[in-house]
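**Q** Pasting a structure below so you can have a look.
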Amino acid sequence: MATLDLLVSPLGRVEGDLDLAVKIDDGVVSDAWTTASMFRGFEIILRGKDPQAGLIVTPRICGICGGSHLYKAVYALDTAWKTEVPVNATLVRNIAQACETIQSIPRWFYALFAIDLTNKNYAKSPNYAEAVRRFAPFVGACYEPAIVISSKPVEIYAIFGGQWPHSSFMIPGGVMSAPSLSDVTRSIAILDWWREHWLEKMWLGGSVDRWLENKTWDDVQTWMNENKGHYESDCGFFLRYAQEIGLDKFGQGVGRFLAPGTFFQPELYTHPTIEGRNAALISRAGVYDGKTWHEFDQARIKEDVTHSFYEGKKFLHPFEGVTEPIDPEEGRKHGKYTWSKSPRYDVPGIGYVPLEVGPLARQIIAGNPNHAAHQNYDPLIYNCYQQMGPSVMLRAFARMHEAARYYKMVRQWLTEIKLHDRFYIKPVERAEGQGFGATEAARGFLADWIVLKDGKIANYQVITPTAWNVSPRDGQENRGPMESAFMGVNVADAEDPVELGHVARSFDSCLVCTVHAYDGKSGAELAEFQLNGNGSC
Amino acid sequence: MVSLLWLQGGACSGNTISLLNAEEPSIVDLVTDFGIDIVWHPSLGMELGKNAQKLLYSLARGERPLDIFVYEGTVIMGPNGTGRFNMFAERPMKDWVIELAHQAQIVVAIGDCAAYGGIPVVDPNPVDSIGMQYFRRHKGGFLGADFRSKMGLPVVNIPGCPVHPDWVTQILVAIATGRAGDIALDDIGRPKTFFTTFTQTGCTRNQFFEWKQSASEFGQGTRTGCLFYELGCRGPMTRSSCNRILWNRQSSKTRAGMPCLGCTEPEFPFYDLAPGTVFKTQKISGSVPMDLPTGTDHATYMAHAAMARVAAPSWSKEDIFVV
């Protein structure tokens, strides 16, 4: 605990919901600690409540991925109640979940990530002036259009779900709505407006179909140099500028990845079960250990609280999970330093380790060539990963690549809805049972475990993407993924360590966070600066 | 220029995210066209660097003028009154809130959590959350019943989970364009202009409500009927403008087939989500709704309902929102 005590004191200085303390030796990060600084107790609230209470409560855990919370919460109930879900309902759920994510892609890039590309530390880069022209907050040429356009995909969400954020229109057995013809045609028109005005005009500078022909990093170079539209697009510019300022060189992380997958092939998941989940997924689940892929199994997950502000040092599977908060002042005396628990996964042959979740993890799983016909296989990002390894740039690139992929899927699902068929099959409300539901929020793994007894919730545990990525050390003293990603980062200007900001934002932790940098020898604070997030996943 | 500080306590950021969906004005327009100077907001690209705390202290001490203090989320009091479940800039958030609220010209509670407590205060209220000037419907809250901001106003409550972006932008524009005096508040601090009509006002299911025709079930069942009778809709007794100013410019929960949860009222979530209360109309002796449309009583309601059912035209029993 000696090293921890050294940094607990500076960690007391918190701004916002996430605090990062980083030790810097001779310009290189030599250690890192992440602190989530707010606790609300949603899992405690859910105990003893109506089985469907999670449909109302869990979306309110996070305003930016509330639709993802709803999506996994309903599958937790579908599996617990053993419902039948009609094809139409699965399509509508898929559409809604994907629309939330494609809302988040430009909003995250322009409002949260790209504004750091205009940091004055890059003023000497040849393309700096162009970066400022495009991405400067509020006044950049791309900033306002992208913010406004990002609200379009969730108009489709509202057509099916009434509103976004915070609808609860998915229920066990289906969805509450039954769209009319014009609901579907309007949705298609909105989606294609978004494709035309942002995805193709601003982001790709060319067609979606041409972009999706890219299977390798070399293909991307060919695409880039094919015409001026591609080269000058925000995508083309980002990839060129990111390499110019070195974002492809740091922020590697733990190098192991987890995706729970999302979107179901409707006819393969009419009777949702935990066991049948992986095979029915379109965007696949899996674990990548740095060398090879493994099947995903929720039974291999446990949460550790050794360094978290909860009672004791328990290490439990979520079905047995507990949430017993303690006063942080007391916790610090025992080496605890954050409200985030430490989710860990038992990787075959390796044991319980931290795993990175999010778009990069999803795309590395998508690169596994062993897949069923209905499942997404996309080798592009995995090829890039093999060529250059994980980095800030690749994490951002993986996320942006999904815009094109998700557009195609939503467009297809909209054509598959059969308006005269059912959208809901009333389920039997079972008094006992347990269920598991998961999805890919924009920023990664999101899952619920529910235990029902006597017609009410006996236990409810949620694991968020941020819990995986900003998790603290575990009982084995393994750092969390974001803590690991800071290790070895070269900080050019300790007074303004923008590199640390890039790493934090590349994970899109969706917590507001502040970085504190300390001199490894003197312990003196070098700098602090505000990062921005948008939610509390 | 109108200075605005926005902080988040026991929050999900949903009100901020909802605000980003705004158009006419967008969040960018508020800054560039209406001169709202967002001195700090947790999600927007404001660069503050190491001056963040200095700035907050200068606002909290009154050294720098603060026109609008927006607070999103509950005020977290636990554990044991220390506020340490929610630390912010070296201190419990509640300590910042009380100082900033007393320096601001206008204090705005955004969302149900800040206004009345919302989801975080649901039994057992694990972190001892409280609203800015209310705890549910009880006046007092964190700042006290007698609190007035420098302009002499109680906390302006803009509830909803989340708020509709227009409810926020139009109030901010009103303040920025010198119409603060036109913001009349109801007896629980809500701007009357948005919270006098009911959620039901403008609902596309009103004809079914009139003839007491119920939607039979969710999904295809919502192609006809009203959601009030069986599916737990609180539209007839919830004050909001959800069906006057549509969500995401497209729809509303009740139009889409989702029952209103009453999230602009202090009691949200109703019945503390007790078993049997979610998406189900609570009944007396198995048939009569326990909670009635505002302003009616059970005797009148039953007489009216019986008459309406007899008088109901045949089309009111058929699908109307058809393919």
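Values quoted throughout were computed directly from the atomic coordinates according to the rules given, and no laboratory measurement underlies them. Predicted, not measured: the structure shown is a model, and the values here were computed from it. Positions of Cβ are backbone-derived with ideal geometry, glycine not excepted, and every protein chain shown enters the neighbour counts.
**Q** For the protein assembly as shown, with the dipole built from +1 on Lys and Arg beta-carbon atoms and -1 on Asp and Glu ones, taken about the Cα centre, which of A:Ser391, A:Ala492, A:Ala403 lies farthest toward the positive end?
**A** A:Ala403
**Q** Would you mind checking the stretch A:470-504 for residues with the amide N under 16 Å from a putative spin-label position 7 Å along Cα→C-beta of A:Ile326?
**A** A:473-475
**Q** Mind listing which trypsin sites (Lys or Arg not before Pro) in the stretch A:98-186 are in a DSSP loop and have 10 or fewer other Cβ atoms within 10 Å?
**A** A:Lys124
**Q** Would you mind working out the magnitude of the charge dipole of the protein assembly as shown relative to its Cα centre, with +1 at each Lys and Arg C-beta and -1 at each Asp and Glu C-beta, to the nearest 20 Debye?
**A** The calculated dipole for the protein assembly as shown is roughly 1360 debye.
**Q** Using only the Cα atoms of the protein assembly as shown, what semi-axes does the equivalent ellipsoid have when each is the square root of 5 times a gyration tensor eigenvalue? Give whole Å, largest first.
**A** Computed over the protein assembly as shown, the values are 39, 32, 27 Å.
**Q** Turning to a different aspect of this structure: Whole-Hz Karplus ³J(HN,Hα) for the stretch A:131-146, in order, using 6.51 cos²θ - 1.76 cosθ + 1.60 and θ = phi - 60°, x for Gly and Pro?
**A** Couplings: 4, 5, 4, 7, 10, 4, x, 6, 9, x, 4, 9, 5, 5, x, 5 Hz.
**Q** Moving to a separate point now. From other protein chains only, count the Cβ atoms within 10 Å of every residue's Cβ in B:110-121, then give the mean.
**A** Shielding by partners across B:110-121 averages 2.
**Q** Find the eigenvalues of the gyration tensor of the Cα atoms of the stretch B:126-231, then list the square roots of 5 times those eigenvalues as equivalent ellipsoid semi-axes, largest first, in whole angstrom.
**A** Ellipsoid half-lengths, sorted descending, are 35, 19, 12 Å.
**Q** Turning to a different aspect of this structure: Please give the charge dipole size of the stretch A:452-510, origin at the Cα centre, charges +1 on K and R Cβ atoms and -1 on D and E Cβ atoms. Round to the nearest 20 debye.
**A** Its charge dipole is roughly 500 debye.
**Q** Project the alpha carbons of the stretch A:180-326 onto their principal axes and report the range along each, largest first, in whole Å.
**A** Principal extents (largest minus smallest coordinate, Cα): 59, 50, 34 Å.
**Q** Determine ³J(HN,Hα), in whole Hz, for all residues of the stretch A:60-68 in sequence, where each value follows from phi through the Karplus function 6.51 cos²θ - 1.76 cosθ + 1.60 and θ = phi - 60°; x replaces Gly and Pro.
**A** Per residue, the Karplus-derived 3J(HN,Hα) values read 7, 5, 8, x, 8, 10, x, x, 5 Hz.
**Q** Give me the one-decimal Kirkwood hydrodynamic radius in Å for the stretch B:171-323, with the sum taken over alpha-carbon pairs.
**A** 16.8 Å
**Q** Using 5 Å bins from zero, what percent of all Cα-Cα pairs in the stretch B:2-190 falls into each bin?
**A** Bin by bin from 0 Å, the calculated values are 1, 8, 17, 22, 22, 17, 8, 3, 0, 0.
**Q** Go ahead and estimate [θ] at 222 nm for chain A from helices alone: -39,500 (n - 2.57) per DSSP H run with n ≥ 4, summed, over the residue count, rounded to 500.
**A** Value at 222 nm, helices only, nearest 500: -10000 deg cm²/dmol.
**Q** Per the Kirkwood formula on distinct C-alpha pairs, the Rh of chain B is how many angstrom?
**A** Over chain B, the inverse of the mean reciprocal pair distance is 21.0 Å.
**Q** Using amide H atoms built 1.01 Å from N in the peptide plane, name the residues 5+ places from B:Ala104, or on other chains, whose amide H lies under 5 Å from its own.
**A** B:Lys150
**Q** Quantify how strongly other chains surround peptide A:152-161 by giving the mean number of their Cβ atoms within 10 Å of each of its Cβ atoms.
**A** That average works out to 5.
**Q** Which residue, A:Tyr269, B:Asn243, A:Gln163, has the largest displacement toward the positive end of the dipole of the protein assembly as shown when charges sit on each Cβ (Lys, Arg +1; Asp, Glu -1)?
**A** Most positive-ward Cα: B:Asn243.
**Q** Which residues among the stretch B:150-182 fall inside the zone where the amide N is under 17 Å from a point 7 Å beyond the Cα of B:Phe34, along Cα→Cβ?
**A** B:156-159, B:163-182
**Q** For the stretch B:98-103, take each phi angle, set θ = phi - 60°, evaluate the Karplus expression 6.51 cos²θ - 1.76 cosθ + 1.60, and give the result in whole Hz per residue in order, putting x for glycine and proline.
**A** 5, 6, 5, 4, 7, 9
**Q** How far is helix B:298-311 tilted off the main Cα axis of chain B, in degrees rounded to 10, range 0 to 90?
**A** Once rounded, the angle reads 50 degrees.
**Q** Placing +1 on the Cβ of each Lys and Arg and -1 on the Cβ of each Asp and Glu in chain A, which of A:Gly475, A:Thr118, A:Tyr143 has its Cα farthest towards the positive end of the resulting dipole?
**A** A:Tyr143
**Q** For A:Met482, A:Met224, A:Met400, what's the fewest-to-most ordering of other Cβ within 10 Å of each Cβ?
**A** A:Met224, A:Met400, A:Met482
**Q** Let me ask something else. Scan around A:Ala36 for amide H atoms under 5 Å from its own, H built in the peptide plane at 1.01 Å from N, and keep only partners 5 or more places away or cross-chain.
**A** Excluding prolines and chain starts, which carry no amide H, the hits are A:Asp19, A:Trp339, A:Ser340.
**Q** For an R0 of 22 angstrom, estimate the FRET efficiency from the Cβ-Cβ distance between A:Ala299 and A:His271 and round to the nearest 0.05.
**A** Plugging the Cβ-Cβ distance into 1/(1 + (r/R0)^6) gives 0.60.
**Q** Further question on the same structure: According to a simple spin-label model (label point 7 Å from Cα along Cα-to-Cβ), what is the distance in nm between A:Asn490 and B:Arg148?
**A** Roughly 6.2 nm, to one decimal.
**Q** Here is a further query. Which net charge results when you count Lys and Arg as +1 and Asp and Glu as -1 among the other residues whose beta-carbon is under 13 Å from that of B:Thr74?
**A** Net of charged neighbours comes to +1.
**Q** Hey, got the average number of other protein chain Cβ atoms within 10 angstrom for residues in A:62-74?
**A** Neighbouring Cβ atoms belonging to other protein chains average 3 per residue here.
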